[in-house]
1. Using θ = phi - 60° and the Karplus form 6.51 cos²θ - 1.76 cosθ + 1.60, what ³J(HN,Hα) does each residue of region 25-41 get, whole Hz, x for Gly and Pro?
2. Loop only by DSSP, 14 or fewer other Cβ within 10 Å of the Cβ. Give me the GluC sites (Glu not before Pro) in region 11-67 that pass, ordered by residue number.
3. If I measure Cβ to Cβ between cysteines in the chain, which ones have no partner under 4.7 Å?
4. What is the Å³ per residue value for the convex hull set by the Cα atoms of the chain?
5. Hey, which aspartates and glutamates would be in cross-link range of Lys191, C-alpha to C-alpha under 15 Å, not counting anything within fewer than 8 residues on its own chain?
6. Over region 84-199, calculate the relative contact order: mean separation of alpha carbon pairs under 8 Å at least 6 apart, over the residue count, as a percent.
7. Filter the cross-link list Lys65/Lys93; Lys142/Lys180; Lys65/Lys246; Lys26/Lys65; Lys66/Lys142; Lys65/Lys208 down to pairs whose alpha-carbon distance in this structure exceeds 25 Å.
8. Show me the trypsin sites (Lys or Arg not before Pro) within region 202-265 that DSSP assigns to loop and that have at most 16 other Cβ atoms within 10 Å of their Cβ.
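Please treat every number below as a calculation from the coordinates, not as lab data. Since this is a predicted model, take the numbers as computed values, not measurements. Here the Cβ is made from the backbone with ideal geometry for all residues, glycine too, and neighbour counts use every protein chain on show.
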Amino acid sequence: MRNVVIIGSGCAGNTAAVYAARANLKPLVVSGHEAGGQLSLTTLVENFPGFPEGINGPDLVENIKKQAESFGAEYVHGAVLDAELSARPFRLKIEGEWTETRTVIVASGASARWLGLPSEQRLIGHGVSSCATCDGFFYRGKRIMVIGGGDSAMEEANFLTRFGQEVLLIHRRDEFRASKIMLDRARGNSKIQFLPSTVVEELHDVSKNLVTGARLRNLKTGRVWDEPVDGFFVAIGHIPNTAVFKGQIQTDADGYIISQGGARTNIPGVFHAGDVQDRVYRQAITAAGAGCMAAIEAERYLEAEGH
Ligand code: NAP
C-alpha cells in the first residue's frame, strides 16, 4: 500500500515528488509515456527562476527528478492504464500491475496537438515548437510561421511579433475559431501576414536538423510552394491526459480537471497538479508550484486520516 502515487514526471509531478519525499511519504512516480513532460521537448528554458544563464528543458526536469530521488521518491516507467477511484484504497493499474494507494496526485499534463508530419516530429526543439512563451526569444529578427486559427494561434502570433521580423499565420480554413478581439488584434498587427485556406505539407530540412522552410498548399487555388522560415510554432490546441479517469474525476468538456479549490479534485484524496488542470498559464514554474501545492495537500490529508 502506497501513501501517494504521483502520475506524471513533468515539472508538476517531479516537484510534487520532491515535497512528498521530503515529507517522508515515499512517493511512487509513474513516469508516463512522455517522461519529463513538455519540458523534455524544449531546448533552452530562460524563464525558470534561479538560472540566470538558462537551463536546458530536459536537464531541468531531470534535475528535479534526481532531487526527488535523493529524498526517497521511487520512479516507475510506463503509464496508468486503468484507475479505480470510487473506493478506498484507490487502485491504479500501472502497465500490467494493480497498485493500491491512499492518495493520488494527477500530474499527467496536457500534450500539445501536432500536425503529425514526420518532418515536424523530427524537428521538435530544432525550430519546431508548441510554446511561443518558451521559445519565441530565439527568433529575434527571424521569419516565423504559426499554425492554427484559434485564440492560441492569435496570441502566439502577436507575441512572436515582438521578436520576429515577420510572422506568417497559416490556417486550414478561411474562417477563424478565435474570438473577435484576438483575431482583430492579430489582423491589426502589420507584422502578421495571414495565409488562410492553407495547409502545411512538409517541413524542411530534416537533413540539416533545422527548420529552414515549409511546403504549403493553398486549398482553394491548389498552389503548392516552399516558404522559407526559421521558426515553426504549432498552436492547434492541447489534449489533457485524463482519458483514463473519465467518469471518475470531474473534467470540463475538453477533458481538463475541474479544480475544487487548491489542488483538490471532486474525489477526496485525489489531487491535481499542472497542465492537466491549467489551460491558462501552462508554464514550468506554475506547474512546479502546483506540484508543491498538491503534495502539501496530500500530506495534510494523510495526516488528518492518521497516517
Ligand atoms: P482551439 O480553439 O481548439 O483552436 C485550434 C485551432 O487549430 C483551430 O483553428 C483548428 O482549426 C486548428 N487545428 C486543429 N487541428 C488541426 C490540424 N490537424 N491541422 C491544422 N489546424 C488544426 O485551441 P486553442 O487556440 O489552443 O484554444 C483552446 C482554448 O483556450 C479556447 O477555448 C480558447 O478560447 C482558449 N484560449 C484563450 C486565450 C485568451 O483568451 N487569451 C488564449 C489561448 C487560448 P479549425 O478551426 O479548422 O478546426
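1. Residue by residue, region 25-41 yields 8, 6, x, 9, 10, 8, 4, x, 6, 10, 3, x, x, 5, 5, 6, 9 Hz.
2. Numbers: sites: Glu34, Glu46, Glu53, Glu62; in loops: Glu34, Glu46, Glu53.
Filter output for region 11-67: Glu46, Glu53.
3. By the Cβ distance rule, which asks for a partner under 4.7 Å, the isolated cysteines are Cys11, Cys292.
4. Per-residue hull volume (Cα only) is 139 Å³.
5. List returned: Glu155, Glu156, Glu166.
6. 18 percent
7. On the way: Lys65/Lys93 22 Å; Lys142/Lys180 28 Å; Lys65/Lys246 28 Å; Lys26/Lys65 14 Å; Lys66/Lys142 37 Å; Lys65/Lys208 32 Å.
Going by Cα-Cα distance, Lys142/Lys180; Lys65/Lys246; Lys66/Lys142; Lys65/Lys208 fall outside the 25 Å limit.
8. Lys220, Arg223, Lys246
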